[in-house]
Amino acid sequence: MKASWDIFCTVVDNFGDVGVTFRLARQLVAEHGMDVRLWIDDLSAFARLCPGADAEARQQWREGVNVCFWPADWQPVEPADVVIEAFGCHLPPAQIEAMKARDPKPLWLNLDYLSAEEWVTGCHGLPSLQSSGIQKFFFFPGFRPTTGGLLREAGLIERRHAFEQDPAAQQAFLAQLGVYPQPGAQLISLFAYEHAGLGSWLDSLAQAGQATHLLVPEGRIIGDVQRWLGVQGLNAGALHVRDNLTIQVLPFVRQEQYDLLLWCCAFNVVRGEDSFVRAQWAGRPFIWHIYEQDDDAHWAKLDAFLELYLAGLSEVAGQALTQVWRAWNAGQDMAESWNTLQHHRQELAGHAERWCLEQALQDDLTTALVTFYRNWI
Ligand code: TRH
């Protein structure tokens, strides 16, 4: 059943807000045949994620999605069948009036941030009556069956498995990025926020017995990398070798290519929300650099995820991973926790794949949204 969808996205900062909503919009179109308008208030973030996009256009079609600029001086438009406000962004009051006037009323959903906290299961899918007289439903992504699940495109895990079986495809992808690792070097990707202890981690990698080729997409961590290297102006393409560590800066690639990058690496450092989920679909051990919240609420989120994720790991491996994640997120020295973690890499690798397959048994978030709409009408 075809329906029209409006997704509203405010770019708070970085790429997560637009990354999640564009991924969702594309999947609604490609896999469910929906008509989707994606309203974004800052198209410059979108243009980074979607090369070729026009940061000035009021309206443009991208991968089947009608991408529209959401201006501050909003003029109401005919509302779609389903209206999603992403991450608690506030719909323009005039648009809410238009929704009120529509017959039939649209389904109004607030798509929340991802959290593994238990309270989410009790709130997922709950309605709340708004002063406009329309109900708004709260939709929570999550890791438990009683939540909305995670964004996952159809066939994603199968595509990853095929890529893993195809060294030529891996080499060709890396060559496209100008990456030619030494035989035997482990690949690690680093997409993180600023980290005061980063130098200690780079020291550990440089002094390790095994060679590491570290791939760093251009972004907020570059300043810390520069400081450690004692250089300035690191740009995409830069390559520096210190002892057993090669550091290479990569351009920001499109979302599909970022997946391939994660799949090529033995270990990934990710952040925010969307790259955090992609690292899990990559089935590799990873560090999550969580988005820091003013009231320190992120620590409860980190611990809630670890509690779920560590189930099935040996106690020592679980402790080692917890220490690495906590030290990273506190900006602390990484040497001791990282070196301890190396004893558990094999166990962590098996566990990451099992976790991925287990999570993939659940309906993906987009399917869950479509099902919610079908059950609502
Ligand atoms: O960029 P993030 O830190 O985004 C966010 C925002 O800060 C947001 O306000 C906050 O709410 C949220 O985190 C928790 O991290 P995230 O979510 O991982 O988004 C990054 C996106 O960029 C993701 O869609 C993957 C994509 N990406 C690429 O497409 N190419 C790349 O080369 C890289 C490194 C990332």
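The values are calculated or read from the model by the stated rules, or taken from the named source; none is laboratory data. Everything quoted here is computed from the prediction, not taken from an experiment. Cβ atoms come from the backbone with ideal geometry, glycine included; neighbour counts cover every protein chain shown. Remember, those area values only see protein heavy atoms, side chains included, never the ligands or the DNA or RNA. Shrake-Rupley method; radii C 1.70, N 1.55, O 1.52, S 1.80 Å.
Using a Förster radius of 41 Å, what is the FRET efficiency between Ser4 and Glu118 based on their Cβ-Cβ separation? Nearest 0.05, please. If you can, show how the numbers build up before the last one.
On the way: r = 35 Å, r/R0 = 0.85.
The computed FRET efficiency comes out at 0.75.
On average, how much accessible surface per residue is there in region 257-318, in Å², for a 1.4 Å probe, leaving out ligands, DNA and RNA?
33 Å²
Determine ³J(HN,Hα), in whole Hz, for all residues of region 232-249 in sequence, where each value follows from phi through the Karplus function 6.51 cos²θ - 1.76 cosθ + 1.60 and θ = phi - 60°; x replaces Gly and Pro.
The phi angles translate into 10, x, 5, 10, 3, x, 5, 9, 9, 10, 10, 6, 8, 10, 10, 10, 10, 8 Hz.
Using the Karplus equation 6.51 cos²θ - 1.76 cosθ + 1.60 (θ = phi - 60°), what ³J(HN,Hα) coupling, rounded to whole Hz, does each residue of region 223-228 give in order, writing x for Gly and Pro?
x, 5, 5, 4, 4, 5
Give me the number: length gained by fully extending Asn339 to Ala311, i.e. 0.36 nm times residue separation minus the C-alpha to C-alpha distance, one decimal in nm.
Values: separation 28, 0.36 × 28 = 10.08 nm, distance 2.23 nm.
Gain in length upon complete extension: 7.9 nm.
Have a look at the DSSP beta bridges in the chain and tell me what percent are antiparallel, nearest 5.
Among the beta bridges of the chain, antiparallel pairing accounts for roughly 20 percent.
What does the C-alpha gyration tensor say about the overall shape of region 156-359? Classify as rounded when a/c is under 1.5, otherwise prolate if a/b is larger than b/c, or oblate.
On the way: a/c = 1.41, a/b = 1.10, b/c = 1.28.
Rounded, because the longest to shortest axis ratio a/c is under 1.5.
To the nearest 20 Debye, how big is the dipole of region 156-359 about its Cα centre, given +1 on the beta carbon of each Lys and Arg and -1 on that of each Asp and Glu?
It comes to approximately 560 debye.
Probe radius 1.4 Å, ligands and nucleic acids ignored: give me the carbon and sulfur share of the accessible area of region 7-72 as a rounded percent.
51 percent
So for the chain, taking the charge dipole from beta-carbon charges (+1 Lys/Arg, -1 Asp/Glu), which of Pro183, Leu198, Pro71 sits furthest toward the positive end?
Comparing the listed Cα positions along the dipole, Pro183 ranks first.
On full extension of the chain, what length is gained from Glu158 through Gln176, given 0.36 nm per residue of separation minus the C-alpha to C-alpha distance? Don't jump to the answer; show the numbers that get you there.
Values: separation 18, 0.36 × 18 = 6.48 nm, distance 2.27 nm.
So the extension gain works out to 4.2 nm.
Considering all projection directions equally, how large on average is the shadow of the alpha-carbon convex hull of region 193-296, in square nanometres?
If I average the Cα hull's projected area over directions, I get 7.0 nm².
Spin-label point model (7 Å from Cα, Cβ direction): what's the Leu361 to Ala30 distance in nm?
The two pseudo-label positions are separated by 2.7 nm.
Modelled label-to-label distance, Leu239 and Ser44, 7 Å Cα→beta-carbon offset: nm?
3.2 nm
By how many degrees, 0 to 90 and rounded to 10, does the Cα axis of helix 315-329 deviate from the longest principal axis of the chain?
70 degrees
Taking the Cβ of Leu234 as the centre, find all other residues whose Cβ is under 11 Å away and add up their charges (Lys, Arg: +1; Asp, Glu: -1).
Working: positive: Arg227; negative: Glu218, Asp224.
With Lys, Arg at +1 and Asp, Glu at -1, the neighbours total -1.
What lysines sit close enough to Lys100 to cross-link, taking a C-alpha to C-alpha distance under 20 Å and skipping anything fewer than 8 places away on the same chain?
The qualifying lysines are Lys136.
Antiparallel as a % of all DSSP beta bridges within region 156-359, to the nearest 5?
Of those bridges, close to 20 percent are antiparallel.
Under unit Cβ charges (Lys, Arg +1; Asp, Glu -1), what dipole magnitude, rounded to 20 debye, does the chain have relative to its Cα centre?
Dipole about the Cα centre, nearest 20: 620 debye.
Let a ≥ b ≥ c be the square roots of the eigenvalues of the Cα gyration tensor of region 36-117; is it rounded (a/c under 1.5), or, if not, prolate (a/b larger than b/c) or oblate?
Judged from the Cα gyration tensor, region 36-117 comes out oblate (a/c at least 1.5, b/c at or above a/b).
Choose one of Pro93, Asn14, His32: the residue whose Cα lies farthest towards the positive end of the charge dipole of region 1-155 (beta-carbon charges +1 Lys, Arg; -1 Asp, Glu; about the Cα centre).
His32
Using only the alpha-carbon atoms, how far is helix 365-376 inclined from the longest principal axis of the chain? Give it as 0 to 90 degrees, nearest 10.
20 degrees
Compute the acute angle (0 to 90°) between the alpha-carbon long axis of helix 167-176 and the principal axis of greatest extent of the alpha-carbon atoms of the chain; round to the nearest 10°.
Approximately 80 degrees, to the nearest ten.
Could you look at region 156-359 and say what percent of its accessible area is carbon and sulfur, using a 1.4 Å probe and all protein chains?
Values: 4260 of 8610 Å².
Its accessible area is 50 percent carbon and sulfur atoms.
Okay, which of region 304-318 sit inside 18 Å, backbone N to the point 7 Å along the Cα-Cβ direction of Gln346?
So the set is 313-318.
Classify the chain: rounded, prolate or oblate, from the alpha-carbon gyration tensor (a ≥ b ≥ c, eigenvalue square roots; a/c under 1.5 rounded; otherwise prolate if a/b is larger than b/c)?
It comes out prolate by the Cα gyration axes.
Roughly speaking, what is the stretch gain from Ala266 to Ala55, that is 0.36 nm per residue apart minus the C-alpha to C-alpha distance, in nm to one decimal?
72.5 nm
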